[in-house]
Structure formats: structure tokens, C-alpha cells
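Report on the structure given below.
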Amino acid sequence: MAAVGTDVEIMLKDIGMTYKSNTNTDVVALTNVTMNIYKGEFISLLGPSGCGKTTLLRIIADLLTPSVGEITVGGETPREARLKRKYGIVFQGAVLYEWRTVKKNVMLPLEIMHLPKKDCEERAEKMLELVGLKDFAKHYPRQLSGGMQQRVGIARALAIQPEILLMDEPFSALDEFTRERLHEDLLRIWRKTNKTIVFVTHNIQESVFLSDRVCVLSPHPGRLSALIDIDLPRPRTVQVKNTPEFTGYVAQIRSSFEGI
Ligand code: ADP
Ligand code: MG
């Protein structure tokens, strides 16, 4: 069963975003996005390139202020949520510091919070264990594969113990095999930590495999075109991809893009 709860974590109401330009070509990136994201759910924002996924994620993260509309996070503004360190963010590239070891990369946000060194170390070690990189703490990023670097990115995002994990196409640069392993691991981490996860992707299969709900966005201008409950049993393993239920969801979502 999809584990969508009833406590609203993020409320979006009539959100619109227009990028102003100094020429005459303003870009309407999002229009009329109204939806709730529930506490503890795994929701994907799915759509083709340019449909406003990153824009929406950045609005939630308080990295961008919407042109119109209302957004609350746990009843507060995104800014308040950010200041309370409610967000962990994982981008497409892991963006690690090459001169810091893996462990020191994970410790960085904790150092910025001025946590005592011992606490930083302990928490970083715990996070590395969670993402399966316990034995690589002293390695440098260049010594890791792309998949392992993304694991470090996840460990670093989780280190500050955020309530909400925002992920922007975190696995899109990885090969299929690595990606599938990370999918299973991400679900395990999600189950263990009870985070709310907002996951941006342009990959239909990925969104169906991971999510409780898939939010389908369509472009020009970006808008919400469907919200689909993914009622596949959990815990999920790659085998679920061979079931008619899974392929049914993929087909349903694919058809919702037809004519776009
Ligand atoms: P996605 O992540 O789904 O690919 P984005 O949110 O990045 O989409 O972009 C949505 C639209 O907004 C696109 O047309 C893009 O070109 C435009 N856009 C994104 N960021 C900016 C910006 N900083 N300035 C102007 N236009 C932008
Ligand atoms: Mg994007």
C-alpha cells in the first residue's frame, strides 16, 4: 500500500513562476500549481526537460521566490523552514570537494552548524554507514565511482537531519545497474529515516518504482497535469518492474504525455 499520510507537510497554492528577462522574452516556467505534499511520503515530480521541475523544487527549497501563489512548509514559510534546516538537497552531480575526504565532505554542513567536532565525526560516520560507504570514509571523491559519489551526496544531505529530502535528478547520470541499486538503497534509507522525499526526474520507470505518488508536469508553460497514486506493495525490489501492475502505471503515465 502507498504510505501516503494525511498530515500536510508542503502546501502549494496557485504557484506561478515567470522568469523576467531584460529582453522582451519573459519565460513562464510554472503556472497554477496547487497540491499538497504529505509528511513522510515519497513523491516524484515527473516531466520532460523544461517543464519546470527544478523551478518547483527550488521554490520549495526557498532558493527561489514564486512570482505568484502561496507556499507553506509545516505551516511556515519556506524561508523559516530553511532556517530551521528542514531541507536536505541532493543535486544531479554530487558537488563534492575534491580536497576533502568522503567523511569530511559529509561533515561540512555540520561544521557550518558549529557542532562539536566529535559530534560531526560521529554523525558523518553514521550517515556513511547508512548509505553503505562505511569503508570509504578516508577516500577522496576522485577515488569513488559516480554512484558512490551520489551516495556521499545523500549522506551529506541527511547529515543535518532534515525533515524533507529534495532530490533533483540525482541518478540521471548513472548507468542503469548502478541506478537500480541506488533506487533500492534510497527506499531502504527512506523507510529507516521517515523523511518526506520530493524527487525530480524525467524517467517514468524511476518515478513509478520509487514513489507513493507521481506528480506529472507538462511544459509550455509548466503545469500540473496529473497526480497518480502508485499503489504497489512495499518494500519494493526490482522484481516489481516485471509485474503487470508496474507496466500498467508506466503506460498510464506515458499516455498522459501524449499530445504534449
Ligand atoms: P526542468 O527542471 O523541468 O527541466 P526548469 O525548471 O529548469 O525545468 O525550467 C523551466 C523553464 O524555465 C524552462 O523553459 C527554462 O528555460 C526556464 N528557466 C529556468 N531557469 C531560468 C532562469 N534562471 N532564467 C530564465 N529562464 C529560466
Ligand atoms: Mg531540471
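Can you tell me which residue in segment 155-177 is nearest to the chain's Cα centre (by Cα), limited to those that are closer than 18 Å to GLU41 by Cβ and not in a strand (DSSP E or B)?
PRO170
Using the structure shown, decide if VAL152 is within 16 Å of ligand 2 (Cβ to nearest atom) and either in a helix (DSSP H, G or I) or open to solvent by less than 10 Å² (accessible area, probe 1.4 Å) (or both).
Here the answer is no, as VAL152 does not meet what is asked.
Quick check on my filter: what residues within segment 47-59 are open to solvent by less than 80 Å² (accessible area, probe 1.4 Å) and either away from ligand 2 (no atom under 16 Å from the Cβ) or more than 19 Å from ARG156 (Cα to Cα) (or both)?
Across segment 47-59, the qualifying residues are GLY47, PRO48, GLY50, CYS51, GLY52, LYS53, THR54, THR55, LEU56, ILE59.
Kindly evaluate THR31 against the criterion of being within 16 Å of ligand 2 (Cβ to nearest atom), among the β-branched types (Val, Ile, Thr) and buried (at least 17 other Cβ atoms within 10 Å of the Cβ).
When the stated conditions are applied, THR31 does not pass them.
What tally of residues in segment 205-223 results from selecting those that are assigned to a helix (DSSP H, G or I) and among the acidic types (Asp, Glu)?
1
Read through the list (1) more than 16 Å from ligand 2 (Cβ to nearest atom); (2) at pLDDT 95 or above, then give the number of the only condition that ASN194 fails.
(2)
Name the helices (runs of 4 or more DSSP H) wholly inside segment 12-112 in which the number of residues that are away from ligand 1 (no atom under 12 Å from the Cβ) and of a type outside the set (Lys, Arg) is 2 or more.
Correct list: 78-83, 102-112.
Mind checking whether some residue in segment 178-197 is in a loop (DSSP other than H, G, I, E, B) and either closer than 20 Å to VAL250 by Cα or within 16 Å of ligand 1 (Cβ to nearest atom) (or both)?
no
Return the residues of segment 241-260 that are part of a loop (DSSP other than H, G, I, E, B) and polar (S, T, N, Q); say none if nothing qualifies.
THR243
So which residues in segment 224-240 are open to solvent by less than 70 Å² (accessible area, probe 1.4 Å) and not in a helix (DSSP H, G or I)?
LEU224, SER225, ALA226, ILE228, ILE230, LEU232, ARG234, ARG236, THR237
Evaluate the following for THR243: is it over 28 Å from MET11 (Cβ atoms), in contact (Cβ under 8 Å) with a residue 24 or more places away in the chain and either more than 16 Å from ligand 2 (Cβ to nearest atom) or open to solvent by 60 Å² or more (accessible area, probe 1.4 Å) (or both)?
The answer is no for THR243.
Under 8 Å between Cβ atoms, which residue pairs at least 6 apart in sequence (or on different chains) link something in segment 115-138 that is under 19 Å from GLY88 (Cβ atoms) and assigned to a helix (DSSP H, G or I) with a partner that is open to solvent by 50 Å² or more (accessible area, probe 1.4 Å) and aromatic (Phe, Trp, Tyr)?
Pairs found: LEU128/PHE136.
Mind checking whether some residue in segment 156-168 is open to solvent by 60 Å² or more (accessible area, probe 1.4 Å), touching a strand residue (DSSP E or B) at 6+ places or on another chain (Cβ under 8 Å) and more than 16 Å from ligand 2 (Cβ to nearest atom)?
Yes, there is a match, as at least one residue in segment 156-168 is open to solvent by 60 Å² or more (accessible area, probe 1.4 Å), touching a strand residue (DSSP E or B) at 6+ places or on another chain (Cβ under 8 Å) and more than 16 Å from ligand 2 (Cβ to nearest atom).
Just checking, does segment 60-83 include any residue being in contact with a Phe, Trp or Tyr (Cβ under 7 Å, 6 or more places away or on another chain) and open to solvent by 80 Å² or more (accessible area, probe 1.4 Å)?
no
The values are calculated or read from the model by the stated rules, or taken from the named source; none is laboratory data. The structure displayed is predicted, hence computed values, not measured ones. Here Cβ is always computed from backbone atoms with ideal geometry, including for glycine, and neighbour counts include all displayed protein chains. Areas reflect the complete protein model, heavy atoms only, side chains present, ligands, DNA and RNA absent. Shrake-Rupley method; radii C 1.70, N 1.55, O 1.52, S 1.80 Å.
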